[in-house]
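Asker: Please read through the structure below; I'll follow up with questions.
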Amino acid sequence: AKEPVRVLVTGAAGQIGYALVPMIARGVMLGTDQPVILHMLDIPPAAEALNGVKMELVDAAFPLLKGVVATTDAVEACTGVNIAVMVGGFPRKEGMERKDVMSKNVSIYKAQASALEQHAAPNCKVLVVANPANTNALILKEFAPSIPAKNITCLTRLDHNRALGQISEKLNVQVSDVKNVIIWGNHSSSQYPDVNHATVNTAAGEKPVRELVKDDAWLNGEFITTVQQRGAAIIKARKLSSALSAASSACDHIRDWVLGTPEGTWVSMGVYSDGSYNVPAGLIYSFPVTCRNGEWTIVQGLSIDEFSRKKLDLTAEELSEEKALAYSCLS
Ligand code: NAI
């Protein structure tokens, strides 16, 4: 039998946490033959709710779940973890300045970076979900210098999956037949959902999405804004964040990273930029990646037209500004 993998979920008493931990315990993230031990972290005001989640995990009697650590102590939570899914953070509240929200999250991610660096298992893989996701991941990377930069990522898979969903609805095809959309840049409304290389598996073989949709105005307009603003649309409808789809996409992100992407398919991940596609190095930026043997690689050589170039640059500019704002909170 396989050794259990220790998976940390921070913010585990929150909305996404509640959707995510049962998926992990059922093998959605790491496979149905992989036992797991869940580490759940939240803050003292949420301790009772966190304990309630632990009670439910026990009650669900998941065969793969070999243990549960529920704690408000970051060191205890981080000790020995192989995978860390960082969902905990400080949300923007009405009337708050951007800088104040950034400052709260910078101090959270700085502290948790140290706890992970000192106590996580070697080669721990980190996925930051909490917003501002790219910049939280960058702060985590800066304050955990002994964790390789390639191990620190942020979630844009939800946006990627939203783009697949929109194309599948538009063409009335199965979502599993659509692939290779790209989310470039920030997990914010400046992101660029790109379909220029996306294809659909049809009875007549693989066809470009642009050829099938035959509606460039929609692809260059409403499609992009729908994906960019989908999070806000869900909040408006549910009065709560898109917890189900965020949790499911977080599982997709880790599963593909650990177990690999299918041949001929790429996914979007927020990763540390090496300057590919003339994106400034040193940002956490969403790129198309393939994964093999537990490592991601940015897909190279895709053509970028003028329309796309502007959008790649715009979202990079926003990330550079966020980075500067985050650094200004440190001093
Ligand atoms: P929520 O407010 O229901 O849960 C957040 C949890 O984090 C709360 O239980 C809170 O007590 C906890 N928390 C706060 N500070 C913490 C700390 N220092 N350490 C550990 N836990 C801490 O929020 P929800 O809906 O679960 O969303 C979580 C985050 O995910 C938000 O930042 C949200 O904006 C983001 N998000 C990101 C998405 C993505 O695609 N990247 C999609 C949807 C949401």
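Asker: Between helix 306-330 and the chain, what is the angle of the helix's C-alpha long axis to the longest principal axis, kept within 0 to 90° and rounded to the nearest 10?
Answerer: Around 20 degrees separate the two axes.
Asker: What dipole magnitude, in Debye to the nearest 20, does the chain give about its Cα centre under +1 on Lys/Arg Cβ and -1 on Asp/Glu Cβ?
Answerer: Charge dipole of the chain: 300 debye, to the nearest 20.
Asker: Cα extents of the chain along the three principal axes, largest first, in whole Å?
Answerer: On the principal axes, the chain reaches 53, 48, 39 Å in Cα extent.
Asker: At 0.36 nm per residue, and after removing the present C-alpha to C-alpha distance, how many nm does the segment from Ser189 to Glu211 gain when stretched out fully? Kindly include the intermediate steps, with their values, before the conclusion.
Answerer: Values: separation 22, 0.36 × 22 = 7.92 nm, distance 2.64 nm.
So the extension gain works out to 5.3 nm.
Asker: Only bridges with both residues in the chain count here: give the DSSP antiparallel percent, nearest 5.
Answerer: Numbers: 21 of 44 bridges.
Restricted to the chain, the bridges split so that about 50 percent are antiparallel.
Asker: About the Cα centre of the stretch 125-207, how large is the charge dipole given +1 on each Lys and Arg Cβ and -1 on each Asp and Glu Cβ? Please answer in debye to the nearest 20.
Answerer: Charge dipole, the stretch 125-207, about its Cα centre: 160 debye, nearest 20.
Asker: Ranking request for peptides 266-272, 93-99: highest mean number of other beta-carbon atoms within 10 Å first, then the rest in descending order.
Answerer: Packing order, densest peptide first, comes out as 266-272, 93-99.
Asker: Still on this structure, I have one more. Hey, which of these cross-link pairs are over 24 Å Cα-Cα: Lys110/Lys310; Lys99/Lys141; Lys110/Lys311? Don't skip to the end; give the middle numbers.
Answerer: Numbers: Lys110/Lys310 32 Å; Lys99/Lys141 20 Å; Lys110/Lys311 30 Å.
Pairs exceeding the cut-off: Lys110/Lys310; Lys110/Lys311.
Asker: Which value, in debye to the nearest 20, describes the size of the charge dipole of the stretch 215-326 about its Cα centre when Lys and Arg Cβ atoms bear +1, Asp and Glu Cβ atoms bear -1, and nothing else is charged? Intermediate values should be presented prior to the final figure.
Answerer: Working: 10 positive and 15 negative charges, 109 e Å.
Value, rounded to 20: 520 debye.
Asker: Which one of Gly67, Val267, Gln191 has its Cα pushed farthest toward the positive end of the charge dipole of the chain, where Lys and Arg give +1 and Asp and Glu give -1 at the Cβ?
Answerer: Working it through, the farthest residue towards the positive pole turns out to be Gly67.
Asker: Tell me, Arg309, Arg230, Arg26, Arg157 in order of fewest to most beta-carbon neighbours within 10 Å? Could the numbers behind the result be given before it?
Answerer: On the way: Arg309 13, Arg230 21, Arg26 16, Arg157 30.
Ordered by Cβ neighbours within 10 Å, fewest first: Arg309, Arg26, Arg230, Arg157.
Asker: Could you tell me which of rounded, prolate or oblate describes the stretch 97-245, using a ≥ b ≥ c as the square roots of the eigenvalues of the alpha-carbon gyration tensor, with rounded for a/c under 1.5 and, failing that, prolate when a/b is larger than b/c and oblate otherwise?
Answerer: Taking the square roots of the gyration eigenvalues as a ≥ b ≥ c, the stretch 97-245 is prolate.
Asker: Also, quick follow-up: What's the angle, to the nearest 10 degrees (0 to 90), between helix 47-60's Cα axis and the longest principal axis of the chain?
Answerer: Value to nearest ten degrees: 80.
Asker: So for each of 140-146, 236-242, 44-50 I average, over its residues, the number of other beta carbons within 10 Å; can you give me the resulting order with the highest mean first?
Answerer: Result, highest mean Cβ count within 10 Å first: 140-146, 44-50, 236-242.
Asker: A follow-up question, please. Normalised by the residues of the stretch 229-331, what does the relative contact order come to in percent, with Cα pairs under 8 Å and at least six apart? Could you put the intermediate results ahead of the total?
Answerer: Numbers: 98 pairs, mean separation 20.1, N = 103.
Result for the stretch 229-331 is 19 percent.
Asker: Name the residue farthest towards the positive end of the dipole of the chain from the options Ala237, Pro45, Ile224, assuming +1 on Cβ of Lys and Arg, -1 on Cβ of Asp and Glu, about the Cα centre.
Answerer: Pro45
Asker: Arrange Val128, Val53, Val5 by Cβ neighbour counts within 10 Å, fewest through most, would you?
Answerer: Val5, Val53, Val128
Asker: So how far, in whole Å, is the C-alpha centre of the stretch 254-277 from the one of the stretch 30-75?
Answerer: Spelled out, the Cα-based centre of one part sits 28 Å from the other.
Asker: Could the peptides 294-300, 160-166 be put in order, highest first, of the mean number of other beta-carbon atoms found within 10 Å of their residues?
Answerer: 160-166, 294-300
Asker: For the stretch 191-272, what is the relative contact order in percent, using Cα pairs closer than 8 Å and at least 6 residues apart in sequence?
Answerer: After rounding, I find 18 percent.
Asker: Another question about this same structure. Would you calculate a helix-derived [θ] at 222 nm for the chain, using -39,500 (n - 2.57) for each DSSP H run of n ≥ 4 and dividing by the full residue count, to the nearest 500?
Answerer: -13500 deg cm²/dmol
Asker: Moving on. State which entries of Lys93/Lys239; Lys104/Lys239; Lys179/Lys214 exceed 19 angstrom in Cα-Cα distance in the structure shown.
Answerer: Result: Lys104/Lys239 exceed 19 Å.
Asker: Now a separate question. Neighbour counts of other C-beta atoms within 10 Å: give me Met29, Met102 arranged from fewest to most.
Answerer: Taking fewest neighbouring Cβ atoms as first place, the list is Met102, Met29.
Asker: Please tell me the relative contact order of the stretch 83-127 in percent, rounded to the nearest whole number, where contacts are Cα pairs under 8 Å and at least six residues apart.
Answerer: Rounded, it is 67 percent for the stretch 83-127.
Each value in this text was obtained by applying a stated rule to the coordinates, not by laboratory testing. Everything numeric in this text was worked out from a predicted model, so none of it was measured. Every residue, glycine among them, receives a Cβ derived from its backbone with ideal geometry; neighbour counts consider all protein chains shown.
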